[in-house]
1. With +1 assigned to the C-beta of every Lys and Arg and -1 to the C-beta of every Asp and Glu, and no other charges, what is the dipole magnitude of segment 63-211 about the Cα centre in debye, to the nearest 20?
2. Sort V387, V188 so that the residue with the fewest other Cβ atoms within 10 Å of its own Cβ comes first and the one with the most comes last.
3. Using amide H atoms built 1.01 Å from N in the peptide plane, name the residues 5+ places from R316, or on other chains, whose amide H lies under 5 Å from its own.
4. Once you order the gyration tensor axes a ≥ b ≥ c over the Cα atoms, which shape class does segment 174-304 get: rounded for a/c under 1.5, otherwise prolate or oblate by comparing a/b with b/c?
5. With every atom except the alpha carbons ignored, what do you get for Rg and Dmax of segment 63-211, in angstroms?
6. For segment 273-286, what does the Karplus curve 6.51 cos²θ - 1.76 cosθ + 1.60, with θ = phi - 60°, yield as ³J(HN,Hα) per residue in whole Hz, taken in order and with x for Gly and Pro?
7. Using Cβ contacts closer than 10 Å as the measure, can you line up I170, I252 from fewest to most?
8. For the pairs K2/K208; K119/K275; K339/K395; K119/K208, note any where the Cα-Cα span goes beyond 31 Å.
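Values quoted throughout were computed directly from the atomic coordinates according to the rules given, and no laboratory measurement underlies them. Note that this is a predicted model, so its numbers are computed, not measured. Glycine gets a Cβ as well: all are built from the backbone with ideal geometry, and neighbour counts include every protein chain shown.
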Amino acid sequence: MKQARKEAGLSLAQVANGAVSRTAIYFVETGKAKPSMETLVLIAERTGRPLDYFLAQPSTLEPRSSPHTLEIELLMATNDLQGALATGRALLAKDLDPDTTARAQHLLAYALLRTAQPKEAQRLAAAARDYFERTGDRLMTAECLGHEASAAYLLQDPAALGLAERALAICRSLRPVPETTEARLLFVLGTVHVTNEDWQAAIDCYEKAIAAGAVVQDLRRLSLMYGGLSIAYTETGELNQAAYYAQRSISIHETLNDRLSLARSENNLGRLLVKRGELAGAGEHLTRALALFDEAAIEVGRAEILLSLCELDIARSRLDAAETYAVEARTYAERLAEKATLADCHQWLGRIAAERGEHDRVDAEFREAWGILDALGAEERLSRCHVVYAELLEKRGDLAAANHQLRLALNEPAGSLSSPGAAQAAALFPAVCDYQNGYARPHLADCRSAQPRPG
């Protein structure tokens, strides 16, 4: 790539030409990042080389393009997502052959995902998948399933996990396994695990994705993986590791001028700083995250940022302001049917009520949260909800009720602790189970960060 640029007499800035940063082109040339097909299309156009010149190992790159879809890919490479959407829709309005239609639907679905429009993305990806399944194109079937899974997790649809796992299984059935697609689908699966609050599974997927994509990396997706790792490490209490990944994610988003992803990463870093007690810095990052969402006029996911601001104001003992954010978040979550986030809204409203001593309201808010999470089948989230409620009950002085909530969190019925399930509970939460056996008072803060004992 460097040779092609030099022979064309172009500088890094001239190749980038405002579409991407000089740093991004430099990373590609020096091997610090491998290009996506979109970036390759851009470099080929700038240097006057045919695309095939850069495709020495096509099996490790993106699914093949068609002449009709190259313009969409170029627009996406230059981060002109609105242009890509307009071009894609115009292309689909034409009388095209079925293969070109399906490839355009696949690309348009990706552009819609990047602009937080999951419903239309899901519909187009499913239509494209139907064609590729019928024609036996397993690579594109896996790619489309990945888009469907991405749309599903943005919509907080429990079907996301099954879609992501199916996509990855199809990808891995190919020989050779396409590394870029495998890395992308591992990223999708990791993000589904983040949505489900299965933190260790998310970390495992992201780390495998980075390893699988060692030959062919896409800077944007790498930055998203770093963002996901930041969330997961924050929730497991590994704050230094979380901060490392948060900063790396933000740096790449700024380099690529990816405003929506930057907003999400600013939110991640803000939440991390709240947990560290660095409230002033947290406020700066969370305010910036909300401003970026306002700038993009995006509603999907906005409730999560509002809940982060709620958490910040609780830490500042500004309960009225915290409640305002939680209620606004609840309004968005209800309207957009973001069920898991809606359950989080009820939990935060319950915490605020607990700070005010409004016990009946605490109980009502947590009952609402349980009902939502139970209907979703969100076991990890439901378990954590019971633990949070148990902590509030302990502070209230109702130890019997707190103990009952912990049993629910562990899926253990009332009664003896001699069952296999109780033995597992004892391994996971020794302090709690000692209390249940009459030896000590539970330490709920320890429960929330407890790790399984070896063996």
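1. My answer is approximately 200 debye.
2. V387, V188
3. Counting only residues 5 or more places away or on other chains, the set is empty.
4. Prolate, because a/c is 1.5 or more and a/b exceeds b/c.
5. 14.9, 47
6. Working through the residues one at a time gives 5, 4, 5, 7, x, 8, 6, 5, x, 4, x, 4, 5, 5 Hz.
7. I170, I252
8. K119/K275, as the Cα separations exceed 31 Å there.
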